[in-house]
Amino acid sequence: MTVLIFEDETLAADKLQNLLQEVDDQLNVVGVLKSVEDAVDWLEQNEHPDLIISDIRLLDGLSFEIFRQVQVDKPVIFTTAYDQYAVKAFETNSIDYLLKPVNKERLQASIDKFKKLSGPTQAIPYEQLRKMIESREKEYKMRFMIRSGNKILAVPVEKIAYFYSQNKLTYIVTNDDRKYPYDHPLESIDQQLDPKIFFRANRKYVVKFDSISEIYPYFKGRIKINLTPEADDEVIISSEKTPEFKLWLDQ
């Protein structure tokens, strides 16, 4: 059985491929795509696989857009970190869902389900699914998948103090002062966080409210903040962002 994966997080994709091999070493992953655009290009140029496993949110939008642009008559497993996406609309013969982090037993059940299918699959109700997702109140990322040595860990948002970038790399700093590299830029991370809890202080730092230990007036209308755990750099908020920062503090 050939499998195509749509997943924008490298660690999550790696873990999924490892789990697929554990479930059935005859499964052949033919590609891993991170964006709607790349997925559409691949499907237009290649024979469609026996099964697609797709995250709901990719780098450039909802994965349902893929199935709007390309007719796919193969079964699909959607993966998501958000419980509210696991709804009746997914429970058709040709669609299933997995909650992140993906569980081996649940993945096994999904693979077994699709191996038993015979004949053409039902058309994917992508428009119904898209409208359902977009009509809900926006939900934010609950956890981040990171690599620690030979392990892959799920770090809950509540354990994260701040994010920062250095030398074109992004790092997560936890409340207990552990630092982990993360393979996404701050620009995309910022869009996945609850703006009531996290603030984009400057081009290098996204900070959580609880991590701010001290606030000082700084030169030329700017503000300096100290973080806990202590940051490697001075964290300065520009005079242009200072009014926005004060409003954020006063929510």
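The values are calculated or read from the model by the stated rules, or taken from the named source; none is laboratory data. In this text the structure is predicted, and so the values were computed from the model without any measurement. Glycine also receives a Cβ, built like all others from the backbone with ideal geometry; neighbour counts cover every protein chain displayed.
So which residues in the range 146-192 are more than 23 Å from LEU16 (Cα to Cα), surrounded by 13 or more Cβ atoms within 10 Å (Cβ to Cβ), touching a Pro at 6+ places or on another chain (Cβ under 9 Å) and among the hydrophobic types (A, V, I, L, M, F, W, C)?
Selection gives ALA161, VAL173.
Quickly run through the range 6-36 and pick out the residues that are touching an Asp or Glu at 6+ places or on another chain (Cβ under 6 Å), over 22 Å from LYS113 (Cβ atoms) and charged (D, E, K, R).
LYS34
Would you check if there is a residue in the range 33-42 being among the aromatic types (Phe, Trp, Tyr) and in a helix (DSSP H, G or I)?
Checking the range 33-42: at least one residue is among the aromatic types (Phe, Trp, Tyr) and in a helix (DSSP H, G or I).
Select from the range 1-32 the residues that are assigned to a loop (DSSP other than H, G, I, E, B) and either among the charged types (D, E, K, R) or in contact with a His (Cβ under 9 Å, 6 or more places away or on another chain) (or both) and list them in ascending order.
GLU7, ASP8, GLU9, ASP24, ASP25
Of a type outside the set (A, V, I, L, M), buried (at least 17 other Cβ atoms within 10 Å of the Cβ) and touching a residue at least 12 places away in the same chain (Cβ under 8 Å): does that describe THR228?
Details: of a type outside the set (A, V, I, L, M): yes; buried (at least 17 other Cβ atoms within 10 Å of the Cβ): no; touching a residue at least 12 places away in the same chain (Cβ under 8 Å): yes.
It is false that THR228 is of a type outside the set (A, V, I, L, M), buried (at least 17 other Cβ atoms within 10 Å of the Cβ) and touching a residue at least 12 places away in the same chain (Cβ under 8 Å).
Which residues, counting only those in the range 208-232, are in a strand (DSSP E or B) and more than 27 Å from the chain's Cα centre (by Cα)?
Selection gives SER213, GLU214, ILE215, TYR216, PRO217, ILE223, LYS224, ILE225, ASN226.
When the range 212-221 is examined, which residues are found to be at pLDDT 95 or above and surrounded by 15 or more Cβ atoms within 10 Å (Cβ to Cβ)?
Across the range 212-221, the qualifying residue is only ILE212.
Just checking, which of PHE144, PHE245, PHE198, PHE163 is modelled with pLDDT of 90 or more, more than 25 Å from ILE56 (Cα to Cα) and in contact with a strand residue (DSSP E or B) (Cβ under 8 Å, 6 or more places away or on another chain)?
Numbers: PHE144 fails: more than 25 Å from ILE56 (Cα to Cα); PHE198 fails: more than 25 Å from ILE56 (Cα to Cα); PHE163 fails: more than 25 Å from ILE56 (Cα to Cα).
Of PHE144, PHE245, PHE198, PHE163, the one residue that is modelled with pLDDT of 90 or more, more than 25 Å from ILE56 (Cα to Cα) and in contact with a strand residue (DSSP E or B) (Cβ under 8 Å, 6 or more places away or on another chain) is PHE245.
Being under 29 Å from THR170 (Cβ atoms) and surrounded by fewer than 21 Cβ atoms within 10 Å (Cβ to Cβ): is that true of LYS34 here? If you could, list the steps in order and put the result at the bottom.
Details: under 29 Å from THR170 (Cβ atoms): yes; surrounded by fewer than 21 Cβ atoms within 10 Å (Cβ to Cβ): yes.
Spelling it out, LYS34 is indeed under 29 Å from THR170 (Cβ atoms) and surrounded by fewer than 21 Cβ atoms within 10 Å (Cβ to Cβ).
Contact list please: Cβ distance under 9 Å, first residue in the range 34-58 and among the polar types (S, T, N, Q), second residue in a loop (DSSP other than H, G, I, E, B), pairs at least six apart or on different chains.
SER35/ASP8; SER35/LEU59; SER35/ASP60; SER54/GLU7; SER54/SER63
Name every residue in the range 162-197 that is within 22 Å of TRP248 (Cβ to Cβ) and either free of Cβ contacts under 8 Å to residues at least 12 places away in the same chain or acidic (Asp, Glu) (or both), in order of residue number.
GLU187, ASP190, GLN191, ASP194
Within the range 239-251, track down each residue that is assigned to a loop (DSSP other than H, G, I, E, B), in contact (Cβ under 8 Å) with a residue 12 or more places away in the chain and either within 18 Å of PHE163 (Cα to Cα) or charged (D, E, K, R) (or both).
Result: LYS241, single match.
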